[in-house]
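What follows is a set of notes on a single structure, which appears directly below.
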Amino acid sequence: MTRTAAAALLAIALLAAGCATQPLHTGPLNPKSVEKLAAVQVDRAAATRILNNYRASLGLGPMRVDPALTAMAQRQADAMVAGNALSHDVGGNFTARVHAAGLNTGRAAENLGGGYYSTEEAFAGWRQSSGHDANLRMPEATRFGIALAKNPRTQYRAYWALVVAADPHPRRTMDAGPLVPVESLRRVRAEGDRLVAGR
């Protein structure tokens, strides 16, 4: 095979990999399925209870709902519906999305799910997956955001995103110190110069 042919095949493979989204369903929809999907809601109170009960059973600290993480999770859920793809990269890679959200944390993780029709189902699915379960059990995690996006014409219909993170890195601003009038500073400097000169 020539080098040009190999390059062309590689380009086609990369293009196909980048277009891993599914086409939307265009046929008629089952009204009962549409109605069932419309009733699916994210329940943040239930998510907090489920997550914290699970963590407490393992001796881990509780987590609280965080608005910034919730917004980040919602953007990812919306991107998955728009792309009809259950993917960590459909909305941009996770690290880039963490930075774009302005998260100030050393530890963060994301769980995604598709096809779950309740908050309880989503968490049950995540607990059955070792990688997702490890994120639920992240010892440093203190906050989370959970979101849902839906479209009956997509492959999974209901797309879930959960982002967990440790507390922000501590930051500290030093006091500016006492306010000293400029004339006093000049006098102190002049006296300091005289002391040095007199040595």
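Bear in mind that the values in this text are calculations on the coordinates, not laboratory data. The structure presented is a predicted model; accordingly, all values stated were derived computationally and were not measured. Here the Cβ positions follow ideal geometry from the backbone for every residue, glycine too, while neighbour counts run over all protein chains shown.
Brief remarks follow.
- Residue list for the range 118-139, given a label point 7 angstrom along the Cα-to-Cβ vector of residue 53 and an amide N cut-off under 14 Å: 119-124
- Other residues with beta-carbon under 14 Å from the beta-carbon of residue 141 carry, at +1 per Lys or Arg and -1 per Asp or Glu, a net charge of 0.
- The Rg/Rh ratio for the range 40-94, using Cα coordinates for both the radius of gyration and the Kirkwood hydrodynamic radius, is 1.07.
- Only Cα sites of the range 23-168 enter the Debye sum here, all with the same form factor; the resulting log10 I(q)/I(0) across q = 0.10, 0.11, 0.14, 0.20 1/Å is -0.33, -0.40, -0.63, -1.20, listed in q order.
- Highest average first, the peptides 114-121, 92-99, 56-63, 145-152 ordered by how many other beta carbon atoms sit within 10 Å of their residues are 145-152, 114-121, 92-99, 56-63.
- Under 15 Å, Cβ to Cβ, from residue 93 - net charge with Lys/Arg +1 and Asp/Glu -1: 0
- When peptides 155-165, 64-74 are ranked by their average number of other Cβ atoms within 10 Å per residue, the highest-first order is 155-165, 64-74.
- Size estimate for the range 71-135 follows the Kirkwood approach: the inverse of mean 1/r over distinct Cα pairs works out to 12.7 Å.
- Residues whose amide H falls under 5 Å from that of residue 105, counting only those 5 or more places apart or on a different chain, are 169, with hydrogens built in the peptide plane.
- Compared with the alpha-carbon gap, the fully stretched path from residue 82 to residue 128 is longer by 13.9 nm at 0.36 nm per residue.
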